[in-house]
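J.: One structure is given below, represented as C-alpha cells, and several questions about it will come after.
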Amino acid sequence: GKHTVNLDNRTVNVAVRPFELEMGFQFELHITVSGKKIKVSEIPKLPIPKDWMRDKLELNFYKTERGGGGEIENVTYDKESGTAVITFLRPG
C-alpha cells in the first residue's frame, strides 16, 4: 500500500513494493509487551545491514494479520545484543 512518512520535518509519500532477498531466513523472536513499547530479544545475527533489520521489524509489527500492531513511532535495534525496542504511536 501507500504510506506517508515524516522525515526531518518533511512529509514523504512512499509505496511498498515487494523485493527478493538473496537468502531467506526464518527465526523466532521473543518479545516483552508494555503498553506503548515492546522489547524484542534473541534476534539472530544475520548478514544484512542494521537498517534492513530495523525495516523488517517495523513491517512485522506495523499491522499484523491477527489484529495486533499499529503505527510505529520508532525502532531501536542493537545488533550486538540481538535486541530491539519498538515504540508505537498509541498504546494498545
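The values are calculated or read from the model by the stated rules, or taken from the named source; none is laboratory data. Just so it is clear, the model here is predicted, and its values are computed rather than measured. Cβ: placed from backbone, ideal geometry, glycine included. Neighbour counts: every protein chain shown. Just so you know, the surface numbers come from the protein's heavy atoms only, side chains and all, with ligands and any DNA or RNA stripped out. Shrake-Rupley method; radii C 1.70, N 1.55, O 1.52, S 1.80 Å.
J.: Can you tell me the order of 5-14, 41-50 when each peptide is scored by its average per-residue count of other Cβ atoms within 10 angstrom, highest first?
T.: So the order, starting with the most tightly packed, is 41-50, 5-14.
J.: Rank Y62, Y77 by accessible area, highest first, at a 1.4 Å probe radius?
T.: In descending accessible area the options line up as Y62, Y77.
J.: What length, rounded to one decimal in nm, is gained on full extension from E28 through to E42, with 0.36 nm per residue of separation minus their alpha-carbon distance?
T.: Taking 0.36 nm per residue and subtracting the Cα distance, the gain is 4.2 nm.
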